[in-house]
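Data first, discussion second: the structure below is written as structure tokens.
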Amino acid sequence: MCIPCCICVSTSEVVLVERCGKFDRMIPAGLGVVICPCEQNAGSVSFRVQQLDVRVETKTKDNVFVSTVVSVQYQVIREKVYQAFYSLTDTQQQITAHVYDVMRSQLPMLELDAVFEAKEDLALAVKNALHETMSEYG
């Protein structure tokens with residue numbers, strides 16, 4: 001017996017629906033219907049801008065330990081919701097790993113005074129690395 005169930009989807013979100021374990025469709029913001037037990041709500045994806053603060057501790061060229069906080073703001077691309085939901089298990093962990101890679105490769109080449117001057121270059125390096133690897137995941 002199939003029972004239609006109503007679900008409310010918040011503004012700036014989309015709900016992914018699976019039918020018998022396979023992706024079927026996306027329900028946009030508003031009122032949606034899921035046919036139980038054949039279909040299920042697999043999860044939701046938010047289109048809001050999210051912020052992730054990553055604390056990186058590393059040594060500079062002049063052997064000074066520096067603790068920096070890199071704030072990454074990210075948002076899911078509407079056209080790539082499927083990839084964003086099904087390709088990565090933990091998006092924040094992936095972003096954190098890329099930030100660590102960039103900062104730990106860039107900071108040891110700079111002296112402490114140069115770190116403050118290279119703030120914009122470091123931010124650009126992090127942005128480019130994240131765009132290169134994460135753009136395919138939405």
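The values are calculated or read from the model by the stated rules, or taken from the named source; none is laboratory data. Everything numeric here is computed off the predicted structure, so don't read it as measured data. Every residue, glycine as well, gets a Cβ built from its backbone with ideal geometry; the counts of neighbours run over all protein chains shown. For accessibility, only protein heavy atoms count, side chains too; no ligands or nucleic acids. Shrake-Rupley method; radii C 1.70, N 1.55, O 1.52, S 1.80 Å.
Tabulated data for the structure shown
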{"read-out": "ASP53 vs. criteria acidic (Asp, Glu) and more than 30 Å from CYS5 (Cβ to Cβ)", "value": "yes"}
{"read-out": "Scan of segment 22-51 for residues that are more than 16 Å from ARG78 (Cα to Cα) and either open to solvent by less than 60 Å² (accessible area, probe 1.4 Å) or touching a residue at least 60 places away in the same chain (Cβ under 8 Å) (or both), ordered by number", "value": "PHE23, GLY30, GLY32, VAL34, ILE35, CYS36, CYS38, GLU39, ALA42"}
{"read-out": "Every residue from segment 66-90 that is of a type in the set (Val, Ile, Thr) and farther than 13 Å from VAL54 by Cα", "value": "VAL66, VAL76, ILE77, VAL81, THR89"}
{"read-out": "VAL72 closer than 16 Å to SER10 by Cβ and modelled with pLDDT of 95 or more", "value": "no"}
{"read-out": "Test: residue in segment 52-64 that is without any contact (Cβ under 8 Å) to a residue 24 or more places away in the chain and over 17 Å from the mean Cα position of the chain (by Cα)", "value": "yes"}
{"read-out": "Condition check for GLN40: on the phi < 0 side of the Ramachandran plot, among the polar types (S, T, N, Q) and modelled with pLDDT under 95", "value": "yes"}
{"read-out": "Where a residue in segment 121-138 is open to solvent by less than 30 Å² (accessible area, probe 1.4 Å) and its partner, wherever it lies, is of a type in the set (Asp, Glu), with Cβ under 8 Å and at least six apart", "value": "ALA129/ASP101; GLY138/GLU79"}
{"read-out": "VAL9 vs. criteria open to solvent by less than 50 Å² (accessible area, probe 1.4 Å), in contact with a Pro (Cβ under 7 Å, 6 or more places away or on another chain) and either polar (S, T, N, Q) or more than 22 Å from ALA118 (Cα to Cα) (or both)", "value": "yes"}
{"read-out": "Any hit, segment 57-76, residues being touching a Gly at 6+ places or on another chain (Cβ under 8 Å), open to solvent by less than 70 Å² (accessible area, probe 1.4 Å), of a type in the set (A, V, I, L, M, F, W, C) and farther than 30 Å from ILE3 by Cα", "value": "yes"}
{"read-out": "Members of segment 85-100 found to be surrounded by 14 or more Cβ atoms within 10 Å (Cβ to Cβ), part of a helix (DSSP H, G or I) and without any contact (Cβ under 8 Å) to a residue 60 or more places away in the chain, listed by number", "value": "THR91, GLN94, ILE95, THR96, HIS98, VAL99, TYR100"}
